[in-house]
Structures are given as structure tokens and as C-alpha cells.
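Please read the structure below before turning to the comments.
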Amino acid sequence: MCLRGFHTGTQKDDEEVGIPSLSASMANGSWLIPAGGETHAYGCECGWCAWTHELELRPHSRYQDCLMAMWFCESAAREYERRSPADDWAIDWGRDE
């Protein structure tokens, strides 16, 4: 597995590329999120509820772990989209040959 570090700094709060940009990408349909249609009890702490609470309460939510993970995924997808098809042959999978 190829792992790459991700530096979080001032870009985290940037409207164009930071966590705030997630709302625009969700609004334009870039994310497909299966919800299952279940109703959760008030105070539920499952992963789904933790994530939706972070979305609703940002930037004042107690935690931002789910949002950070979502932002990392969005950032990786943006980077992948900028690559040319020829770059696929140059992927460093971290293997010794």
C-alpha cells in the first residue's frame, strides 16, 4: 500500500480547498452516501450520527475526526483528477523491485 503524508495547516479552513469546500462538493453530487433510511435515537453515537453532527456543528463540534477523514478523501480525489493518464504508469506502490 502506498501511503503519502498530508500536511494540514491554514488550508484546512480555506473556502476553496479546505473543509468548507466539502459542502459545495456535496451539494453538486460529488458524494454518494448510503444512509439506510434508519431513524437514530437522540444522542446516538454511531459513526453515522457522529459524522452528521460534525457536519451540522462545524466549526463548533467537539470533534472533527470524521470531517478530517472526509477532507483527506476529497483532497486525494482532487489530486487524482489532476493527474494525466500517463501518470498511472508512474505510481510508486512502495515495492522493492
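Here are some notes:
- Residue check, GLY43 out of contact with any Cys (no Cβ under 6 Å at 6 or more places or on another chain), at pLDDT below 85 and closer than 19 Å to GLN64 by Cα: no
- Residue list for segment 16-30, filter: surrounded by 10 or more Cβ atoms within 10 Å (Cβ to Cβ) and either in a loop (DSSP other than H, G, I, E, B) or in contact with a Ser or Thr (Cβ under 8 Å, 6 or more places away or on another chain) (or both): VAL17, GLY18, ILE19, PRO20, SER30
- Condition met for ALA35 (touching a residue at least 12 places away in the same chain (Cβ under 8 Å), more than 19 Å from GLU81 (Cα to Cα) and either assigned to a loop (DSSP other than H, G, I, E, B) or touching a Cys at 6+ places or on another chain (Cβ under 9 Å) (or both)): yes
- Selection count where residues are in contact with a Leu (Cβ under 9 Å, 6 or more places away or on another chain) and either of a type in the set (Gly, Ala, Ser) or surrounded by fewer than 16 Cβ atoms within 10 Å (Cβ to Cβ) (or both), scope segment 56-84: 2
- Residue match in segment 31-44 (condition: aromatic (Phe, Trp, Tyr) and either surrounded by 14 or more Cβ atoms within 10 Å (Cβ to Cβ) or in contact with a Leu (Cβ under 9 Å, 6 or more places away or on another chain) (or both)): yes
The values are calculated or read from the model by the stated rules, or taken from the named source; none is laboratory data. Keep in mind that this is a model prediction, so the values were computed, not measured. Note that we place each Cβ from the backbone using ideal geometry, even for glycine, and neighbour counts take in every protein chain shown.
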